[in-house]
Amino acid sequence: MNPFSDADLNSASGPFNSINYLIDQALARIETVCRAKVISCSNSGSLSPIGTVVVQPMVSVQNGAGVASPHGYINNVVYSRWTGGANAIIMDPVAGDVGLLLVCSRDTSAVNATGAPANPGSFRKFDRADGVFFRAFLLSGCSLSGINSPPMPSRNWICRLAA
């Protein structure tokens, strides 16, 4: 097996396998959703506009020989806050939080810059640079009940309502 591709001895043994291989290669370039860990956040829970995070996908990449390597960082990823009209629950992510990186189907840079509907900023599609980080699901040291066991993390879990 070639260490730089998914091709094997049967990949070119007929038109079906050749086309199937090409389709597999095209689909492998489409990003949709992945688990990601927050490396840093531009905000710290203050009453400021939504910021950005630096995230790292948690599932390693593999080459054709199965050798794994960790993903690099993805910078300037917008994150979500719970909002309704002019109100919001501000609970910004912190380093170590784990959540989902949702990848948009088109370039969102123009929308991010203006906050208004816009044409795609380029012809880029399904790229992690156009991702949105969605809240953490599992927090180390937190129980579902949050009562006495195990202790809560060192950060304060105070939700401030912004009016």
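The values are calculated or read from the model by the stated rules, or taken from the named source; none is laboratory data. All of these numbers come straight from a predicted model, not from anything done at the bench. As a convention, Cβ positions derive from the backbone with ideal geometry for all residues, glycine included, and neighbour counts pool all protein chains shown.
From the list Ile39, Ile50, Ile74, the one residue that fits, being within 24 Å of Ala118 (Cβ to Cβ), within 13 Å of the chain's Cα centre (by Cα) and either not assigned by TED's automatic domain parsing to the domain that holds Val132 or not charged (D, E, K, R) (or both), is Ile74. Criterion first (in the same structural domain as Cys41 (by TED's automatic domain parsing) and within 16 Å of Ser42 (Cβ to Cβ)) does Val94 satisfy it? So Val94 passes the test. Among residues belonging to the stretch 59-81 that are of a type in the set (A, V, I, L, M) and within 16 Å of Gly99 (Cα to Cα), point out the one that is surrounded by the fewest Cβ atoms within 10 Å (Cβ to Cβ). Taking the candidates together, the pick is Val59. Inside the stretch 58-69, residues that are more than 16 Å from Arg29 (Cα to Cα) and in contact with a strand residue (DSSP E or B) (Cβ under 7 Å, 6 or more places away or on another chain) make up a count of 3. If you go through the stretch 53-82 and keep only what is touching a Ser or Thr at 6+ places or on another chain (Cβ under 7 Å), free of Cβ contacts under 8 Å to residues at least 40 places away in the same chain and over 21 Å from Ala95 (Cβ atoms), you end up with Val61, Ala68, Ser69.
Note on the stretch 20-36: residues that are touching an Asp or Glu at 6+ places or on another chain (Cβ under 7 Å) and either of a type in the set (A, V, I, L, M) or touching a residue at least 24 places away in the same chain (Cβ under 8 Å) (or both) amount to 1.
Return the residues of the stretch 28-82 that are among the β-branched types (Val, Ile, Thr) and at pLDDT below 90; say none if nothing qualifies.
First, the residues of the stretch 28-82 that are among the β-branched types (Val, Ile, Thr): 30, 32-33, 38-39, 50, 52-55, 59, 61, 67, 74, 77-78.
Ile30, Ile50, Val61, listed by residue number.
Please state which one of Arg81, Arg124 is of a type in the set (Lys, Arg) and within 14 Å of Glu31 (Cβ to Cβ). Lay out the reasoning, then the answer.
On the way: Arg81 fails: within 14 Å of Glu31 (Cβ to Cβ).
Every option except Arg124 fails the conditions.
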